[in-house]
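Enquirer: Quick one: this structure, given as structure tokens, is what I'll be asking you about.
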Amino acid sequence: MDLNRLRTFAAVARLGNLTRAAENLCLSQPAVSGHLKALEDELGLKLFARVPRGMELTHAGRTLLHEVEQTIASAQQIEARARSLRNGIVGEFRIGTIAEPSILRLGQTVCRLTSCYPDLRLRLLQGISGDIIDWVLEDSIDAGYVIGYPDDINIAAVEIASVTLQVVAPANWAERIKFLDWADVAALPWISTPPKCSFSRLAKRMFSRHGVKPRTVVEADQEHVLRDLVTSEAGLTLLREDVALEAEAAGDVVIWKPGVEISHLYFIFRHEKVTNALLQAILRIIKEIWEIGKV
């Protein structure tokens, strides 16, 4: 049975019109009519009836439509699998992730990859930026996301997006911090992150730029913990801008306006893996999702 005839049948059934179906399939109207007649002759059934508004499925056509659509879907899956096998997109790929999946657009990426490459198996490992860099260097993972440029000659990095961070304080400290300078803020209790966390490096860079050093009282490595500690008035910290704005809108924190730091999100891997077919396929999808390279 000719798959193109089945695709034509499904298009006419969906659109109810020969002309629109022909445009959708990039075929001439006589070609579409020919496909339908050949399919009806092959099956020995009348699939459509002409009506004033176009084409209407007969009882036989309605009965077969679901199975035809399933057959087309199965054929598309076979084509995708053959394409992935042909391109070498087969096997496991290990990706290190950070922060919340939403800021990495991880759901979109995984769905697109598994749809395009059904023989690709992804393994995701959660960590902080310093962990991801170590794991890439150790070959514990194939690639990963980090915030802040990885300063290592063995690592290649693709810039994905800018990331803005804000200094936040407990909501009740709004009047207390409004007119403070950097030296005053550095003297207040500071909630830090582990040295391997990108936030730690960014905070250090931010304070150093103003010639001060924060008075660290506690260390935590998860953004929701940092937010909760600030809400509990344990001190100030650095949060991603989206998290800071959400927390401020909820009345949990107040943003100290001068405390802004800009960094970037990167996708990193070892230089020698740059020609790896799996990596190149994943990079293509990431660039499409983030619209990297588009003018």
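Enquirer: Does the range 177-188 include one or more residues that are surrounded by 20 or more Cβ atoms within 10 Å (Cβ to Cβ), touching a Leu at 6+ places or on another chain (Cβ under 6 Å) and either acidic (Asp, Glu) or in the same structural domain as VAL230 (by TED's automatic domain parsing) (or both)? Quick ask: steps written out before the conclusion?
Expert: First, pick out the residues of the range 177-188 that are surrounded by 20 or more Cβ atoms within 10 Å (Cβ to Cβ): 177, 185.
Those still in the list that are touching a Leu at 6+ places or on another chain (Cβ under 6 Å) too: none.
Scanning the range 177-188, I find no residue that is surrounded by 20 or more Cβ atoms within 10 Å (Cβ to Cβ), touching a Leu at 6+ places or on another chain (Cβ under 6 Å) and either acidic (Asp, Glu) or in the same structural domain as VAL230 (by TED's automatic domain parsing) (or both), so the answer is no.
To keep it simple, each residue is scored yes or no on (1) surrounded by fewer than 20 Cβ atoms within 10 Å (Cβ to Cβ); (2) small (Gly, Ala, Ser); (3) closer than 17 Å to GLY96 by Cβ; (4) not assigned by TED's automatic domain parsing to the domain that holds ILE103.
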position	(1), (2), (3), (4)
VAL146	no, no, yes, no
ALA203	no, yes, no, yes
HIS210	yes, no, no, yes
ARG215	yes, no, no, yes
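Enquirer: Okay, next question. Can you name the residue in the range 35-76 that is in a strand (DSSP E or B) and among the small types (Gly, Ala, Ser) and is also surrounded by the most Cβ atoms within 10 Å (Cβ to Cβ) among such residues?
Expert: Out of the qualifying residues, it is GLY54.
Enquirer: Considering only residues that are of a type in the set (A, V, I, L, M) and in a loop (DSSP other than H, G, I, E, B), which ones fall in the range 210-262? Write out each step before concluding.
Expert: The first filter runs over the range 210-262 and keeps only residues of a type in the set (A, V, I, L, M), leaving 212, 217-218, 220, 225-226, 229-230, 234, 236, 238-239, 243-245, 247, 249-250, 253-255, 260, 262.
VAL212, ALA220, ALA234, ALA250, listed by residue number.
This table checks each residue for (1) modelled with pLDDT of 95 or more; (2) over 16 Å from VAL163 (Cα atoms); (3) of a type outside the set (Lys, Arg).
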{"residue": "THR216", "(1), (2), (3)": "yes, yes, yes"}
{"residue": "HIS224", "(1), (2), (3)": "no, yes, yes"}
{"residue": "THR231", "(1), (2), (3)": "yes, yes, yes"}
{"residue": "GLY235", "(1), (2), (3)": "yes, yes, yes"}
{"residue": "GLY251", "(1), (2), (3)": "yes, yes, yes"}
{"residue": "GLU261", "(1), (2), (3)": "yes, no, yes"}
{"residue": "PHE267", "(1), (2), (3)": "yes, no, yes"}
{"residue": "VAL274", "(1), (2), (3)": "no, yes, yes"}
{"residue": "LYS294", "(1), (2), (3)": "no, yes, no"}
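Enquirer: Please verify whether the range 178-201 includes one or more residues that are assigned to a helix (DSSP H, G or I), modelled with pLDDT under 95, within 30 Å of THR275 (Cβ to Cβ) and under 24 Å from the mean Cα position of the chain (by Cα).
Expert: So far as the range 178-201 goes, yes, one or more of its residues are assigned to a helix (DSSP H, G or I), modelled with pLDDT under 95, within 30 Å of THR275 (Cβ to Cβ) and under 24 Å from the mean Cα position of the chain (by Cα).
Enquirer: Right, something else. Anything in the range 111-125 that is touching a helix residue (DSSP H, G or I) at 6+ places or on another chain (Cβ under 9 Å) and either among the small types (Gly, Ala, Ser) or assigned to a helix (DSSP H, G or I) (or both)? List them, or say none.
Expert: ARG112, LEU113, SER115, CYS116
Enquirer: For the range 263-295, give me each residue that is within 22 Å of ILE103 (Cβ to Cβ), part of a loop (DSSP other than H, G, I, E, B) and either in contact with a Cys (Cβ under 8 Å, 6 or more places away or on another chain) or free of Cβ contacts under 8 Å to residues at least 12 places away in the same chain (or both). Outline the logic, then answer.
Expert: Applying the first criterion (within 22 Å of ILE103 (Cβ to Cβ)) to the range 263-295 yields 263-269, 279, 282-294.
Pick out the ones that are also part of a loop (DSSP other than H, G, I, E, B) and you get 291-294.
GLU291, GLY293, LYS294 - these are the residues of the range 263-295 that are within 22 Å of ILE103 (Cβ to Cβ), part of a loop (DSSP other than H, G, I, E, B) and either in contact with a Cys (Cβ under 8 Å, 6 or more places away or on another chain) or free of Cβ contacts under 8 Å to residues at least 12 places away in the same chain (or both).
Enquirer: Condition first: buried (at least 16 other Cβ atoms within 10 Å of the Cβ) and modelled with pLDDT of 90 or more. Now tell me which residues in the range 92-102 satisfy that.
Expert: Once the filter is applied, which keeps residues that are buried (at least 16 other Cβ atoms within 10 Å of the Cβ) and modelled with pLDDT of 90 or more, the range 92-102 yields PHE93, ARG94, ILE95, GLY96, THR97, ILE98.
Enquirer: Filter the range 55-87 for residues that are among the charged types (D, E, K, R) and over 18 Å from LEU39 (Cα atoms); which is modelled with the highest pLDDT?
Expert: Filtering first and then ranking leaves GLU79.
Enquirer: Ok, one more. Taking only pairs six or more apart or across chains, which ones have beta-carbon atoms under 6 Å, a first residue in the range 117-130 that is under 30 Å from GLN76 (Cβ atoms) and touching a residue at least 40 places away in the same chain (Cβ under 8 Å), and a second residue that is surrounded by fewer than 16 Cβ atoms within 10 Å (Cβ to Cβ) and basic (Lys, Arg)?
Expert: Taking only residues 6 or more apart or on different chains, the pairs are PRO118/ARG81.
Enquirer: If you take the residues of the range 236-285 that are touching a helix residue (DSSP H, G or I) at 6+ places or on another chain (Cβ under 7 Å) and within 13 Å of ALA156 (Cβ to Cβ), which of them is surrounded by the fewest Cβ atoms within 10 Å (Cβ to Cβ)?
Expert: Selected residue: LYS273.
Enquirer: Residues in the range 126-153 that are in a loop (DSSP other than H, G, I, E, B) and among the acidic types (Asp, Glu): how many?
Expert: The number of residues fulfilling the criteria is 4.
The values are calculated or read from the model by the stated rules, or taken from the named source; none is laboratory data. This is a predicted model, so every value here is computed, not measured. Please note: Cβ atoms are built from the backbone with ideal geometry, for glycine as well, and neighbour counts cover all protein chains shown.
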